[in-house]
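Reading through the structure tokens given below for one structure.
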Amino acid sequence: MATTPTEWLPVLAKKLDAGLPRIQLLRSYTTKNPPLPEMGHHLRASWVAFQRKACTNYGGLAVKSMASRMVTNGVSVGGSIDSPEAIHARKILRDNRWSILVGDAVRDYLTCGVTFIVTGTDEDGKAAITVEKPEQAIASIDPLRPWKARAFLKTWRDLDLGTDHALVWADGQRQRFERESTDDSGKLISRIAGGWQAVGAPDVYTGRPPVVILERPDGKGYFEDDTDVIDRINLGKLQRLVITAMQAFKQRGIKGLPQEDEDGNDIDWSERLPYAPGSLWDLPDSVDIWESGLTDIRPLLEGEKSDARDFAAVSFTPITIFLPDGENQTTAGAANAKEGQVSQARNEIDRITVGLSLAVVYALRIEGVEIGEDTVVVGWQPPDRVSTPEKVIAAKDAKAAGFSQHYIATHVMGMTPEEIALEETHLAAQQLAAAEIFQPIPQDGTPAAPAAVDPTEVKAQFDALGVGVRAGVDPDAAATAAGLPGIKFTGATPVSLRLPQAEADLLEEK
């Protein structure tokens with residue numbers, strides 16, 4: 001049984017070599033370079049010429065569409081976003097470009113079915129969090145806790161120096177290895193296994209490898225079970241493009257041409273009947289000219305749309321991502337497609353939240369921040385609301401249902417803790433300014449002594465005043481009932497309903 005980094009290296013390298021072809025195949029479906037359709041050898045050259053025109057990157061579109069609903073928006077420690085530990089965690093995430101890092105990890109996770117988050121230290125001793133692609137890294141997974149690693153291998157190639165490098169975490173040690181990038185014949189080595197030499201003494205760490213594994217069910221990519229549908233779509237596009245191109249050069253033939261002239265000499269018809277614009281042919285009466293007919297490509301177009309709908313259904317992707325012409329789906333169908341994608345996005349978020357939260361714990365531990373029994377939780381924007389209008393409508397509904405402003409800002413608007421704190425500061429400033437402007441005037445006319453003002457209470461009072469006035473209550477009575485006696489009503493049109501100044505002046509002149 002392997003225990004040390006040196007013992008784990010050949011085991012993990014062999015495992016990485018075995019899985020690399022599958023990872024490369026899945027990548028090809030998201031980079032417009034999928035496997036070529038199987039056709040006759042005469043048509044293969046045509047497909048190579050039409051390859052980029054025939055591929056529509058359906059795998060990449062499905063991944064991007066799902067990833068757009070998996071956007072992180074902060075972190076909490078012990079249920080708080082304002083504790084010193086939470087603030088320190090946010091600083092670490094900011095310094096490590098957390099939103100970009102998670103976005104890259106989500107795309108790798110959806111494309112290849114697995115990706116890795118490694119937490120280490122930078123040259124200043126601060127926490128450094130990185131995403132390791134499955135083409136270059138592999139882990140031995142704890143079968144009881146599949147988001148944790150027993151051992152981990154990371155590899156990379158330095159083309160400038162002509163060397164390969166590897167890091168292995170295992171048994172509380174991190175060992176570095178090196179080898180030449182080329183073999184004895186000067187060719188680049190394509191396999192990970194073999195030829196490694198340890199470099200220097202191993203670094204020591206405590207506990208398990210600081211590696212988090214993000215893995216989909218059965219380790220399969222988001223569209224891996226449906227690559228046959230993508231192949232069918234690409235094949236249909238190839239056939240349509242080839243047929244369309246071939247019809248631009250119609251095949252023609254001549255039937256009944258004699259092979260010899262009156263003197264018995266062979267006739268070279270290619271010379272006598274040149275195939276060029278402006279050429280005139282003088283043919284015997286008994287000769288017929290044949291020309292190939294046209295092929296109706298509309299069934300091929302409909303077939304492509306049908307295949308696109310099939311792929312949209314099995315990948316929980318709205319059909320408008322592939323066919324954005326507005327005639328593909330009813331309103332109810334579009335809503336159902338969105339609900340399917342949102343539900344799948346929630347499932348994916350649930351699978352990776354624990355792992356990402358663990359990466360934050362590792363980072364806090366590196367910087368000496370202990371959280372004790374508190375729980376670190378990575379937050380996410382609502383997957384069912386991507387656009388701002390959707391969020392605003394949902395926020396209004398949530399407020400009418402009685403949810404707190406903090407809940408709406410976090411779980412509906414998807415605001416980060418920093419954005420929430422800044423917005424609360426701005427709202428408090430606005431309410432304080434309103435309270436100072438509309439401070440009640442004493443009955444005896446003497447200046448009122450400044451009083452401590454609660455912006456939240458003032459806002460609630462003015463909200464109540466507005467409700468009373470709109471209900472038809474006398475303004476002075478409504479102000480007294482709302483706790484704002486002495487408010488002066490100007491009778492002017494509310495600012496939100498006023499015309500622009502130029503138009504207002506013109507109206508006054510009339």
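The values are calculated or read from the model by the stated rules, or taken from the named source; none is laboratory data. In this text, all values refer to a predicted model and were calculated from it rather than measured experimentally. Cβ placement follows ideal geometry from the backbone for every residue including glycine, while neighbour counts extend to all protein chains displayed.
Reported count of residues in the range 171-207, each being aliphatic (A, V, I, L, M) and closer than 18 Å to T121 by Cβ, is 2.
If you scan the range 375-384, which residues turn out to be part of a loop (DSSP other than H, G, I, E, B) and crowded, with 20+ Cβ neighbours inside 10 Å? Even if it seems obvious, please write down each step before you answer.
Initially, the range 375-384 is screened for residues part of a loop (DSSP other than H, G, I, E, B), giving 375, 381-384.
Once the filter is applied, which keeps residues that are part of a loop (DSSP other than H, G, I, E, B) and crowded, with 20+ Cβ neighbours inside 10 Å, the range 375-384 yields Q381, P382, P383.
Residues in the range 392-439 that are crowded, with 16+ Cβ neighbours inside 10 Å, farther than 27 Å from K91 by Cβ and at pLDDT 75 or above: A394, A395, A398. If the condition is being touching a helix residue (DSSP H, G or I) at 6+ places or on another chain (Cβ under 8 Å) and closer than 20 Å to W156 by Cβ, then the range 17-30 contributes I23, R27. When restricted to residues that are surrounded by fewer than 21 Cβ atoms within 10 Å (Cβ to Cβ) and either under 11 Å from I129 (Cβ atoms) or free of Cβ contacts under 8 Å to residues at least 24 places away in the same chain (or both), the range 347-360 contains 2.
Which of the residues that make up the range 354-369 are assigned to a helix (DSSP H, G or I) and either more than 26 Å from D95 (Cβ to Cβ) or of a type in the set (V, I, T) (or both)? I'd like the intermediate steps shown before the answer.
If we filter the range 354-369 for residues that are assigned to a helix (DSSP H, G or I), which is where we start, we get 354-366.
Selection gives V354, V360, V361, I366.
Of all residues in the range 378-423, those that are outside the structural domain of S65 (by TED's automatic domain parsing) and aromatic (F, W, Y) total 2. For the range 299-313, the candidate set comprises residues that are among the aliphatic types (A, V, I, L, M) and at pLDDT below 80; within that set, the residue that is surrounded by the most Cβ atoms within 10 Å (Cβ to Cβ) is L300. If you go through the range 156-193 and keep only what is under 13 Å from T4 (Cα atoms) and of a type in the set (G, A, S), you end up with A170, G172. Within the range 458-475, being surrounded by 12 or more Cβ atoms within 10 Å (Cβ to Cβ) and farther than 16 Å from F489 by Cβ holds for V458, K459, A460.
Determine whether G372 is in a loop (DSSP other than H, G, I, E, B), assigned by TED's automatic domain parsing to the domain that holds S99 and at positive phi.
Details: in a loop (DSSP other than H, G, I, E, B): yes; assigned by TED's automatic domain parsing to the domain that holds S99: yes; at positive phi: yes.
The answer is yes for G372.
Conditions tested, residue by residue: (1) modelled with pLDDT under 90; (2) surrounded by fewer than 16 Cβ atoms within 10 Å (Cβ to Cβ).
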residue: E180; (1), (2): no, yes
residue: D184; (1), (2): yes, yes
residue: L188; (1), (2): no, yes
residue: V199; (1), (2): no, yes
residue: G207; (1), (2): yes, yes
residue: R216; (1), (2): no, no
residue: R240; (1), (2): yes, no
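Going by what's in this entry, would A128 be described as among the small types (G, A, S), assigned by TED's automatic domain parsing to the domain that holds L12 and within 25 Å of the chain's Cα centre (by Cα)?
Details: among the small types (G, A, S): yes; assigned by TED's automatic domain parsing to the domain that holds L12: yes; within 25 Å of the chain's Cα centre (by Cα): yes.
Yes; evaluated as a whole, the condition is true for this residue.
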